[in-house]
Amino acid sequence: MNRNLLERRLKSIGARLRRQRMELSIADEQLRHLKNEADDARVRSLVSETALADRERRGSDQQARAMYRHHTLLSNEIAELEMQQDELLDQISLLAEGSDV
């Protein structure tokens, strides 16, 4: 494969990785916040024992679970992009070794 093409793909993946890592950082913060909210709602539900408090607890739990799934998805996408990046770097390295011969 052409070295220029590999380098373009590598730059593209690098840009995608930066965006995904930034989004993961935001998701980390949101997940912590939502977990805290869910914990607080759980305590309020136990203390008050009302239907409204239980409904709020379920809503908070659902939001936290949804953010956890999003966080996991981002983590998996980053791992996949890092794998692709490593493969491209290996290919570029092999091309460089071949041209040195």
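Condition check ((1) among the β-branched types (Val, Ile, Thr); (2) under 16 Å from the mean Cα position of the chain (by Cα)) across all residues:
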site	(1), (2)
Glu49	no, no
Gly59	no, no
Arg69	no, yes
Thr72	yes, yes
Gln85	no, no
Leu88	no, no
Ser93	no, no
Ala96	no, no
Ser99	no, no
- prompt: Looking at this structure, is Arg69 surrounded by 12 or more Cβ atoms within 10 Å (Cβ to Cβ), at negative phi, basic (Lys, Arg) and free of Cβ contacts under 8 Å to residues at least 40 places away in the same chain?
  reply: no
query: From the list Arg65, Arg57, which residue is assigned to a helix (DSSP H, G or I), at pLDDT below 95 and out of contact with any strand residue (DSSP E or B) (no Cβ under 9 Å at 6 or more places or on another chain)?
result: Arg57
field: Residues that are closer than 24 Å to Arg19 by Cβ, of a type in the set (D, E, K, R) and touching a helix residue (DSSP H, G or I) at 6+ places or on another chain (Cβ under 6 Å), drawn from the stretch 49-101
entry: Glu77
query: When the stretch 43-59 is examined, which residues are found to be surrounded by 17 or more Cβ atoms within 10 Å (Cβ to Cβ) and not small (Gly, Ala, Ser)?
result: Arg44, Glu56, Arg57
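The values are calculated or read from the model by the stated rules, or taken from the named source; none is laboratory data. These figures come from a predicted structure and were not determined experimentally. A quick note on method: Cβ atoms are made from the backbone with ideal geometry, for glycine too, and the neighbour counts reach across all protein chains shown.
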